[in-house]
Amino acid sequence: MSLNEDLRNVALDANGFESSYQGVPPWEIGRPQAEVLKFYAEGEWKGPVLDIGCGTGENALFLAEKGLEVIGIDSAPTAIARANQKSKERNLSASFKTANALELAGVGRFHSILDSGLFHVFSDEDRLRYVQSLASVLNPSGIYRLLCFSEREPGTWGPRRVCEDEIRNAFKNGWRVLEIRPALFETNLEKPQVEAWACVIERV
Ligand code: SAH
């Protein structure tokens with residue numbers, strides 16, 4: 001990676017995610033999220049798939065193993081380097097690159113987007129930009145699947161909690177919310193499961 005690319009990536013990583021990959025971040029469980037397996041078992045998946053905020057790629061690699069064409073993006077270069085290394089080691093075709101989820105135009109066109117743990121990091125303002133950014137790369141009738149922290153999770157540690165109304169509100173124009181169900185987000189913390197929402201949202 002060139003120095004310029006490095007600098008650009010640091011600028012993308014305003015929230016300090018890159019530094020969290022110098023250690024083992026709490027969401028790094030070394031396998032796909034159980035809810036992603038459920039999403040896969042219960043839904044129809046059509047590629048190409050974008051795994052947005054993919055981290056070190058376990059969810060994307062699981063989908064690639066199932067034969068889907070998958071690209072993962074993340075703002076943290078260390079996570080992307082690890083994801084690409086795993087893809088190569090496992091002989092899979094999934095590819096990963098650094099990009100900002102708020103500026104996806106140019107990354108490609110997708111029929112499915114997976115968001116495991118990204119939506120809940122954004123401020124209200126960035127959330128609006130995020131949903132616009134999703135709309136710019138997801139085909140009509142494409143499906144966005146979301147796993148995010150829910151307000152049923154007590155405490156203030158970690159990312160912000162999201163309630164059902166906020167999700168419906170964020171996707172009220174140009175989207176159809178097909179499902180919002182209570183779910184669990186797995187962590188490597190003492191508390192291995194966190195209250196979450198699993199959502200299936202169609203681009204109209
Ligand atoms: N999807 C992974 C990681 C979730 S943690 C999993 O389920 O394990 C959230 C991820 O989003 C982190 O890897 C972080 O680096 C990434 N991220 C945060 N802000 C981002 C942005 N603006 N654009 C792209 N990725 C971002």
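What Kirkwood hydrodynamic radius, in Å, does the stretch 98-178 give when the mean of 1/r is taken over all pairs of distinct Cα atoms and then inverted?
Numbers: mean 1/r = 0.0746 Å⁻¹.
About 13.4 Å for the stretch 98-178.
Once the trypsin sites (Lys or Arg not before Pro) in DSSP loops with at most 13 neighbouring Cβ atoms within 10 Å are cut out of the chain, the longest remaining piece is 1-65.
Cβ-Cβ distance of GLU164 and ASN91, R₀ of 30 Å, FRET efficiency by 1/(1 + (r/R0)^6): the value works out to about 0.15. Note on VAL204 and ARG109: the extension gain reaches 32.7 nm, defined as 0.36 nm multiplied by sequence separation minus the Cα-Cα distance. Under the rule a/c < 1.5 gives rounded, and otherwise a/b versus b/c splits prolate from oblate, where does the chain land using the Cα gyration tensor? Rounded, since a/c falls under 1.5.
Suppose R0 equals 35 Å. What FRET efficiency, 1/(1 + (r/R0)^6) with r the Cβ-Cβ distance, do ARG129 and ALA41 give to the nearest 0.05? Could you put the intermediate results ahead of the total?
Values: r = 32 Å, r/R0 = 0.92.
Once rounded, the FRET efficiency stands at 0.65.
Remark: spin-label model distance GLU179-GLU28 equals 3.1 nm, labels positioned 7 Å along the Cα→Cβ axis.
Note on the stretch 24-95: Cα-Cα pairs beyond 22 Å make up 14% of the total pair count. For THR156 and ASN188, the FRET efficiency from 1/(1 + (r/R0)^6), where r spans their Cβ atoms and R0 equals 22 Å, is about 0.65. For the chain, the relative contact order works out to 19 percent when only alpha carbon pairs closer than 8 Å and six or more residues apart are counted.
Rule-based calculations on the coordinates, nothing more; no lab input. Since we're looking at a predicted model, the values are computed, not measured. FYI the Cβ positions are ideal-geometry reconstructions off the backbone, even for glycines, and counts take in every protein chain you see.
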